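First the structure, in the form of structure tokens, and then the observations on it.
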Amino acid sequence: MLLNVDWMRQNTVDISRYLPEFLQKDGNFKAVTDASSLEHERVRTELQDIFAQFFVDTATWGLSMWERVFDLTPAADEIDEYRRNQILLKMRGAGMSTVAAMTQIVNTYGSGYIVEDNAKYNFSIYCSAEAAALVKMKQQIEIYKPAHLGYTIYLGYSWNGNIIFDGTHTYSASVEEGG
């Protein structure tokens, strides 16, 4: 996400462009305006960087502050995009648990989709995720799913929705029950 900072100067600062040209012929005056332009540019870029920390989508070094607000403790090796997703997940809170909300949780930790089975008070998660991410995904699903629903996780599908079972027809090796 790009920040809308149209209210702030976007081009490199050159203070001399606001002054008469003949002043730039004086070496001392030119040195002062060049130094002032460099400092002004440094402050401008610092302000843009600070401004970016106010938004989770663009925060970098400010992610740790967002994590403190939401009582999150990331692992040392977690990438910024994953940390952003965790913060955004917490920001959304425990509102209504819709298929879209559950799908967003699944896609935070891997990629996949959800199929409801309302008659059985169950939903199926078809996803592709690494083992560590799967553990975290299950924790989040348990937090946000309605208490009366169970779920089943099917691992190893492709983007076209076909489930890949490596030539066997057993589901037990790649199915996880929850709920």
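What follows is calculated from the coordinates using simple rules that are stated; it is not laboratory data. Not measured: the values here are computed from a predicted model. When we count neighbours, we look across all protein chains shown, and the Cβ atoms used for this are built from the backbone with ideal geometry, even at glycine.
For residue 91, state whether it is part of a helix (DSSP H, G or I), touching a residue at least 24 places away in the same chain (Cβ under 8 Å) and under 30 Å from residue 140 (Cβ atoms). Walk me through how you get there before you give the answer.
Numbers: part of a helix (DSSP H, G or I): yes; touching a residue at least 24 places away in the same chain (Cβ under 8 Å): yes; under 30 Å from residue 140 (Cβ atoms): yes.
Judged against the criteria, residue 91 is a match.
Looking at region 122-132, is at least one residue at positive phi and outside any helix (DSSP H, G or I)? Outline the logic, then answer.
Step one: filter region 122-132 for residues at positive phi, giving none.
No, that holds for no residue.
Of the numbered conditions (1) under 29 Å from the mean Cα position of the chain (by Cα); (2) surrounded by 11 or more Cβ atoms within 10 Å (Cβ to Cβ), residue 10 fails exactly one; give the number of that condition.
(2)
If I filter region 109-145 down to residues being of a type in the set (Lys, Arg) and over 18 Å from the mean Cα position of the chain (by Cα), which single residue comes out as nearest to residue 98 (Cα to Cα)?
Going through region 109-145, the residues of a type in the set (Lys, Arg) turn out to be 120, 136, 138, 145.
Next, only the ones that are over 18 Å from the mean Cα position of the chain (by Cα) stay: 120, 138, 145.
Numbers: 120: 17, 138: 16, 145: 8 Å.
Step by step, filter region 109-145, then rank; the result is 145.
Quick check, is residue 75 surrounded by fewer than 13 Cβ atoms within 10 Å (Cβ to Cβ), outside any loop (DSSP other than H, G, I, E, B) and free of Cβ contacts under 8 Å to residues at least 12 places away in the same chain?
Numbers: surrounded by fewer than 13 Cβ atoms within 10 Å (Cβ to Cβ): yes; outside any loop (DSSP other than H, G, I, E, B): no; free of Cβ contacts under 8 Å to residues at least 12 places away in the same chain: yes.
So residue 75 does not fit the description; no.
Has region 18-26 got any residue that is among the charged types (D, E, K, R) and surrounded by 11 or more Cβ atoms within 10 Å (Cβ to Cβ)?
Let us first name the residues in region 18-26 that are among the charged types (D, E, K, R), namely 21, 25-26.
Filter once more, so that each one left must be surrounded by 11 or more Cβ atoms within 10 Å (Cβ to Cβ): 26.
So far as region 18-26 goes, yes, one or more of its residues are among the charged types (D, E, K, R) and surrounded by 11 or more Cβ atoms within 10 Å (Cβ to Cβ).
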